[in-house]
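**Q** A single structure is presented below for examination.
The values are calculated or read from the model by the stated rules, or taken from the named source; none is laboratory data. The structure displayed is predicted, hence computed values, not measured ones. Cβ placement follows ideal geometry from the backbone for every residue including glycine, while neighbour counts extend to all protein chains displayed. Please note that ligands, DNA and RNA were not included when accessible areas were found on the heavy atoms of the full protein model with its side chains. Shrake-Rupley method; radii C 1.70, N 1.55, O 1.52, S 1.80 Å.
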Amino acid sequence: EAIGLVLNAYRGGMEAEVLHERVMLPVQAEVGTLWQNGELGIADEHVATELIRASMTALWLEATGGKVEGPTVVVGSVTGDQHDSGVRAASYLMDIDGLRGICLGCDVPAEEFATAAVRFEAVAAVVSASMSVHLPRVKQTVATIKAGLPGFRVVVGGPAFSMGEEIASRLASKLGADAYARTPTAAAMLISSAG
């Protein structure tokens, strides 16, 4: 039923970006809050998360027909970060917006990010962090990627940067990133506009 609601909304004219960023990701955040507050058990949280992932995948298939072309972008969260809904959404929205998003998932070591960027011939990377404790790993990941790929574009984002656009942009710069993106759609737009 949940997947059907998402697909029907899309078929009815709601944009994929809106469904990801104003429906599915906020639902995922609420599920996490309920779990953290002890109002939802682990099994229920996992079921809800899998439904959200399945809805994202079904929407991706509906929007792309399973065919993706365009410049490649690797997307993932840093070592120690176990959250991947945002990076999945970013990857799918990259595909829908004319890029080719390669979702590396969560807990990606810095060296693996750099290796994946080379292997998939990526033009950019999106590095995500869900908590401020992960910010030093963002800096390490950005530095590792850029050390092996001079001039390579790295965009950062995720809940760890929820501090206002201007402050988050300054922090992204201090961490060595080329840009901060508040949403997955914003990341896709930044990368597309850079050519």
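**Q** By a straight-distance test (C-alpha under 25 Å), which lysines pair with LYS174 as possible cross-link partners, with residues fewer than eight away in the same chain excluded?
**A** Partners found: LYS139, LYS146.
**Q** Relative to the longest principal Cα axis of the chain, at what angle does helix 110-119 sit, 0 to 90 degrees, rounded to 10?
**A** Long axis of 110-119 versus the principal axis of the chain: about 90 degrees.
**Q** Still on this model: Tally up the carbon and sulfur contribution to the accessible surface of the stretch 107-195 as a whole percent, 1.4 Å probe, everything protein left in place.
**A** Solvent-exposed carbon and sulfur of the stretch 107-195 make up 56 percent of the total.
**Q** Relative to the first principal axis of the alpha-carbon coordinates of the chain, what is the inclination of helix 135-148, with its axis defined by its Cα atoms, in degrees from 0 to 90 and to the nearest 10?
**A** Taking Cα atoms only, the helix is inclined about 60 degrees.
**Q** Heavy-atom accessible area per residue, the stretch 64-194, 1.4 Å probe: how many Å²?
**A** 44
**Q** What ranking, highest mean first, results for peptides 1-10, 54-63, 68-77, 127-136 when packing means the other Cβ atoms within 10 Å averaged over each residue?
**A** The densest-packed peptide leads the list: 68-77, 127-136, 54-63, 1-10.
**Q** Same structure, new question: Note down the net charge around VAL108, summing +1 for each Lys or Arg and -1 for each Asp or Glu among other residues with Cβ under 14 Å from its Cβ.
**A** Its environment carries a net charge of -2.
**Q** What are the semi-axes of the equivalent ellipsoid for the stretch 64-131, taken as the square roots of 5 times the Cα gyration tensor eigenvalues, largest first, in whole Å?
**A** 20, 14, 8
**Q** Another one. Can you tell me the 0 to 90 degree angle between the C-alpha axis of helix 2-11 and the longest principal axis of the chain, rounded to 10?
**A** 80
**Q** Now a separate question. Show me the three semi-axes of the equivalent ellipsoid for the stretch 17-168, from the C-alpha gyration tensor (sqrt of 5 times each eigenvalue), largest first, rounded to whole Å.
**A** Rounded to whole Å, the semi-axes are 25, 20, 13.
**Q** Test of understanding: what is the full-extension gain from ALA2 to ILE42, defined as 0.36 nm times their sequence separation minus their Cα-Cα distance?
**A** Value of the extension gain: 12.5 nm.
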